[in-house]
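S.K.: Mind looking over this structure? Questions follow.
Only the coordinates and a few stated rules stand behind these numbers; no lab work does. Fair warning: this is a prediction, and the values are worked out from it, not measured in the lab. Here Cβ is always computed from backbone atoms with ideal geometry, including for glycine, and neighbour counts include all displayed protein chains.
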Amino acid sequence: MAARKSLLLTRKSLLLKWFTIPRPVYPMLLLVRPFATLGPERSPASTPSLNSIGRVHSTASYCTGSAETWAQYGIKLACESDGKYMEITFVDGYSTRFNSTWLRYHCHCDHCKQAHSGQRLIDPSSVPNKLTVKHVQLNGDKSLVIEFNEHDHKTIIPVDFLRENDYSPAARAERSRLRDPVHLTGADKLPIIDFKDMNTNEGLLSWLVAVNDYGAAIIKNTPTREDFLGELLDVERKGFKVHPTIGPVMPTIYGNFFVVEGADKPVNIAYTDVYLDLHMDLIYYESAPGIQFLHCVRFDDVVQGGESLLLDSFLVAEQMREKFSAQFDALRRIPASFQKVHYERDSPVSMKYQKPVIVCNPEGKLTAVNWAPAFESPLSIAEEDIPPFYEAYKTYATLLKESPHLIKFRLVPGDVMTFNNRRVLHGRSSFALNGGRRKLMGCYMNIDEFKSQVEVCAQLCGKPTTAKRVGNHDFF
Ligand SMILES: [Fe+2]
Ligand SMILES: [Zn+2]
């Protein structure tokens, strides 16, 4: 816990360092920007007077440098006359604006935010509906003190926080772009990483980034011990600084680890030798596993078939959107049903979940695909939705089946196939053992833990990156 806390603190300080605008040698200037320069969205009728914005600090009380230095590092502020927005121009000339209610909710004062945890303490029921900015003051610690028409509170917000959390359309589009996954278009794009190179944070980062970007990667030359995945992931994560680990393992109804090998009366079709169509695992969970690991410990030469299959479901969904937009929309709108109901096993299970095959965020960007035909339960939707659902469902299935982007390869002992189970579909061709053995050990990792590891490890390595938009229906 202590290690985790220090990690968080390290990350926080690194983040601050990363995002901080070059700090001026001299304190900054608070200027009121004439309304006429605010742009076309404001009505000239609401031109504010200086008094409506608040006190303007005398430059003399702050300025210890030359006028040129002030100009270079100055921050400009302005408010609409009705105080619904505050516009800020940063040191590099970039301007944006913030809604007054938004500003109130992001107060950093001790009353509204706990300093060491960063957790918000503000009581939403105490915030007035219509807040307007009445007065703004720039503090020497580069924070703003904002007073609203709410008399009993002074809101404190660091200027850097505003820059970092700018929610203008352009800023949100840029943040969104950083979360776009890179499509896995074929075997030539499948990242290969040698296990001996994963011993350091830098090495671990190469795997994290590969799976984050492309949705899959193969780790080569690992030991073929059957308990190796436990070592690779760590059931209880040790962290990065002492011992870089991928972990932790996500336990499921199949336990922490599972074996993929032919079995009598299997509890899953995977434990046979038949063809396994493209699918996602455990999609009947509310939060299905994020990353799947399949460690090849045995694959004898005499075994025929059994090649692994991978296909980027997001890539195919985007192709569907382009060619069959109405059907794409149908799979977004009409929910499918998934289930795992199985009492004839050591631990009986009954899980049912209804969700659409395709999920997009409010901007229309793909956030999730839910695809596991073998685990669908009876469709339970309005009758008029049945024809459009099945038409769209068949189209998507056909596009998957005919996709030129299918990756097919034969694992060799020591390979660990790793992929984002929420994005990259997996399957297997049928096989004939011919007296040999094919044995894989498997486990999962939660998508949230994975996304966290991506950003933390990248930060610790001084190469900040953003976890991609592929997960548990995360709208970012
Ligand atoms: Fe599977
Ligand atoms: Zn406060």
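S.K.: Please work out whether region 376-415 counts as rounded, prolate or oblate from its C-alpha gyration tensor, where a ≥ b ≥ c are the square roots of the eigenvalues and a/c under 1.5 means rounded, while otherwise a/b larger than b/c means prolate and anything else oblate? Walk me through the intermediate numbers first.
M.R.: Details: a/c = 7.57, a/b = 2.36, b/c = 3.21.
Note, shape of region 376-415 comes out oblate.
S.K.: Under the classification rounded if a/c is under 1.5, otherwise prolate if a/b is larger than b/c and oblate if not, where does region 296-380 fall, given a ≥ b ≥ c as square roots of the Cα gyration tensor eigenvalues?
M.R.: Oblate, since a/c reaches 1.5 and b/c is not below a/b.
S.K.: Could you give each residue of region 355-360 its phi-based ³J(HN,Hα) in whole Hz, using Karplus coefficients 6.51, -1.76, 1.60 with θ = phi - 60°, and x for Gly or Pro?
M.R.: 7, x, 5, 10, 10, 10
S.K.: For Asp188 and Thr252 in the same chain, what is the full-extension length gain: residue separation times 0.36 nm, less their Cα-Cα distance, in nm?
M.R.: Extending this stretch completely gives an extra 19.8 nm.
S.K.: Now a separate question. What does the charge dipole of region 187-238 about its Cα centre add up to, to the nearest 20 debye, if the Cβ of each Lys and Arg holds +1 and the Cβ of each Asp and Glu holds -1?
M.R.: It comes to approximately 60 debye.
S.K.: Given Cα positions, please report Rg to Rh for region 339-476, the hydrodynamic radius being the Kirkwood one. Spell out each step's value before the answer.
M.R.: On the way: Rg = 18.9 Å, Rh = 18.8 Å.
Here the Rg-to-Rh quotient is 1.00.
S.K.: Expressed as a whole number of Å, what is the distance separating the alpha-carbon centroids of region 411-476 and region 304-380?
M.R.: 18 Å
S.K.: Among the listed pairs Lys113/Lys134; Lys189/Lys340; Lys113/Lys451, which have their C-alpha atoms separated by more than 30 angstrom in this model?
M.R.: Long pairs (Cα-Cα over 30 Å): Lys189/Lys340.
S.K.: For the pair Val349/Asp141, report the inter-label distance in nm, with labels modelled 7 Å from Cα in the Cβ direction.
M.R.: A separation of 5.1 nm, rounded to one decimal place.
S.K.: Starting from 0.36 nm per residue, how many nanometres of slack lie between Tyr167 and Arg410 once their C-alpha separation is accounted for?
M.R.: That pair, Tyr167 and Arg410, stretches by 82.8 nm at full extension.
S.K.: Could you check the spin-label model distance between Asp385 and Ser117? Points 7 Å from the Cα along Cα→Cβ, value in nm.
M.R.: So the label points at Asp385 and Ser117 sit 3.9 nm apart.
S.K.: Further question on the same structure: Describe numerically, in nm with one decimal, the distance between label points set 7 Å from Cα along Cα→Cβ at Arg175 and at Ser430.
M.R.: 5.1 nm
S.K.: How much net charge surrounds Lys394 when only the other residues with a Cβ under 15 Å from the Cβ of Lys394 are counted, with Lys and Arg +1 and Asp and Glu -1?
M.R.: Every neighbour counted, the sum reads -3.
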